[in-house]
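**Student:** Input: one structure, supplied below.
The values are calculated or read from the model by the stated rules, or taken from the named source; none is laboratory data. Only a predicted model underlies this, so the values are computations on that prediction, with no experimental measurement involved. Here the Cβ is made from the backbone with ideal geometry for all residues, glycine too, and neighbour counts use every protein chain on show. We work out accessible area using only protein heavy atoms, side chains counted, and drop any ligands, DNA or RNA first. Shrake-Rupley method; radii C 1.70, N 1.55, O 1.52, S 1.80 Å.
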Amino acid sequence: METTTETNDRQPRGQAKQATSPAAYLMVLLMGAYLGILFSKSEVAHWQRIHDMFLFREAHMYLIIVTAIVVAMLSMQIIKRFQIRSIEGKPIKYSPKPYQTGVVIGGMLFGAGWAITGACPGPIYAQIGGGQPMALFTLVGALLGMFSYAALKPKLPH
Amino acid sequence: MQGLMQPWPWWLSGILIGLTVPLLYLLAGKAFGISTSLQEIGALCSPHSKLEYFAKFDRKANLWTIVFAVGIAIGAFVATHFLSADPKPFLPASMESVSGAIKLLIGGFLIGFGTRYAGGCTSGHSITGISNLNWPSVLATVCFFAGGLAVTWGLGGWLF
């Protein structure tokens, strides 16, 4: 049930399959750096912040997550309302992630991992880049988990 | 400049993180999501795999997810070395031990398995999904918190 980004066949007829241009790769790299700075400076990649969130000790993480969702939602409404296209002229279309059993089971397993490590996938990369070598264990664990899912996928309920 | 070098307030952080969704769409035509990068790494590491999860995965179309991940690491490096007066360690000192390594390995396993089974993480489901009014993403986010709360409150005394 993986959403394979914009190469889906949801494009209007006549739209060529979209390869990622060198300029788009550069933008992706810059946006990654932007986010890496934010993950560090907002401390959402800090174990203590995640721990205090799950203990309801402070509102910091909740306020950030809710604010981010509201800003993203308003932005998407504007993009849809005015049918804004990307700078390369591509239509902007969200491919919905469908419901399947894994949303519930996988979601809870991920939440447990988030609480233990103090990282979700983005912050793992931020912790490594920010000079926390122990986070390599988290990354290796995440890759083992991903490979296990790949192997077990046919046997799991979806 | 003084404030810049301190941790940033929640409202600034929230607004700028939220803007990642439209900016990534506008500048690169990509939907914000990070955990697909794990699948991309797996697919690149096993080019001849017969597992459907890798064989049917478009490695080229998703290559950007790794570039994005590298960018995140670079950004965190910049933030730690040039934008922080007194950078705080990401992990508690107690994690710098054998038992800490085991915890991170197990927790990491749950992140990799769980996000891939759920089809997304905090970025793809909680931010991009919910902001696009995708109800399975709301459910996924509730489950992320259910799992995290259960571990923190149920096993917290033993784990931390």
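Every residue, every condition in (1) buried (at least 22 other Cβ atoms within 10 Å of the Cβ); (2) more than 7 Å from chain A (Cβ to nearest Cβ); (3) under 22 Å from A:LEU136 (Cα atoms), yes or no:
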residue	(1), (2), (3)
B:PRO22	no, no, no
B:LYS50	no, yes, no
B:LYS60	no, yes, no
B:ILE72	yes, no, yes
B:LEU83	no, no, no
B:GLY100	no, no, yes
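**Student:** I need the full set of residues from the stretch B:124-142 which are in a helix (DSSP H, G or I), open to solvent by 10 Å² or more (accessible area, probe 1.4 Å) and touching a helix residue (DSSP H, G or I) at 6+ places or on another chain (Cβ under 7 Å), in order please.
**Tutor:** B:ILE127, B:ILE130, B:VAL138, B:LEU139, B:THR141
**Student:** Looking at B:ALA79, B:ALA101, B:ALA73, which one is in contact with a Lys or Arg (Cβ under 6 Å, 6 or more places away or on another chain) and in a helix (DSSP H, G or I)?
**Tutor:** Going through B:ALA79, B:ALA101, B:ALA73 in turn, just one is in contact with a Lys or Arg (Cβ under 6 Å, 6 or more places away or on another chain) and in a helix (DSSP H, G or I): B:ALA79.
**Student:** Please verify whether the stretch B:50-64 includes one or more residues that are part of a loop (DSSP other than H, G, I, E, B) and within 21 Å of A:ILE65 (Cβ to Cβ).
**Tutor:** Within the stretch B:50-64, not a single residue is part of a loop (DSSP other than H, G, I, E, B) and within 21 Å of A:ILE65 (Cβ to Cβ).
**Student:** Looking at B:SER137, is it in contact with a Lys or Arg (Cβ under 9 Å, 6 or more places away or on another chain) and at pLDDT 95 or above?
**Tutor:** Yes.
**Student:** Here is a follow-up. Given the options A:MET73, A:MET108, name the one that is in a helix (DSSP H, G or I) and under 21 Å from B:LEU110 (Cβ atoms).
**Tutor:** Being in a helix (DSSP H, G or I) and under 21 Å from B:LEU110 (Cβ atoms) holds for just one of A:MET73, A:MET108, which is A:MET108.
**Student:** With the structure loaded, tell me whether B:ALA43 is at the interface with chain A (Cβ under 7 Å from one of its Cβ atoms), crowded, with 21+ Cβ neighbours inside 10 Å and at pLDDT 95 or above or whether it fails that test.
**Tutor:** Here the answer is no, as B:ALA43 does not meet what is asked.
**Student:** Conditions first: (1) more than 30 Å from A:SER75 (Cα to Cα); (2) not in a loop (DSSP other than H, G, I, E, B). B:ASP86 passes all but one, so which condition is the exception?
**Tutor:** The failed condition is (2).
**Student:** Among the numbered criteria (1) within 30 Å of B:LYS56 (Cβ to Cβ); (2) at pLDDT 95 or above; (3) hydrophobic (A, V, I, L, M, F, W, C), which one does A:ALA59 miss?
**Tutor:** So the condition that A:ALA59 fails would be (1).
**Student:** Being open to solvent by 10 Å² or more (accessible area, probe 1.4 Å), within 7 Å of chain A (Cβ to nearest Cβ) and free of Cβ contacts under 8 Å to residues at least 40 places away in the same chain is the filter here; which residues of the stretch B:102-118 pass it?
**Tutor:** Scanning the stretch B:102-118 gives B:LEU105, B:ILE106, B:PHE109, B:LEU110, B:PHE113.
**Student:** Please find, within the stretch A:111-158, the residue that is surrounded by the most Cβ atoms within 10 Å (Cβ to Cβ) out of those that are more than 30 Å from B:HIS81 (Cα to Cα) and of a type in the set (Phe, Trp, Tyr).
**Tutor:** A:TYR149
**Student:** What residue, of B:LEU38, B:LEU12, B:LEU91, is at pLDDT 95 or above, crowded, with 17+ Cβ neighbours inside 10 Å and assigned to a helix (DSSP H, G or I)?
**Tutor:** None of the others qualify; the one that does is B:LEU38.
**Student:** On to the next question. When the residues of the stretch A:45-64 are filtered to those that are within 13 Å of B:PRO9 (Cα to Cα) and within 7 Å of chain B (Cβ to nearest Cβ), which remaining residue is most open to solvent (accessible area, probe 1.4 Å)?
**Tutor:** Among residues in the stretch A:45-64 that are within 13 Å of B:PRO9 (Cα to Cα) and within 7 Å of chain B (Cβ to nearest Cβ), the one most open to solvent (accessible area, probe 1.4 Å) is A:LEU63.
**Student:** Also, quick follow-up: Looking for something at pLDDT 95 or above and assigned to a strand (DSSP E or B) - is there at least one such residue anywhere in the stretch A:18-34?
**Tutor:** no
**Student:** Here is a further query. Which residues, counting only those in the stretch A:35-61, are more than 29 Å from B:ARG59 (Cβ to Cβ) and in a helix (DSSP H, G or I)?
**Tutor:** Passing the criteria: A:SER40, A:LYS41, A:TRP47, A:GLN48, A:ARG49, A:ILE50, A:HIS51, A:ASP52, A:MET53, A:PHE54, A:HIS60, A:MET61.
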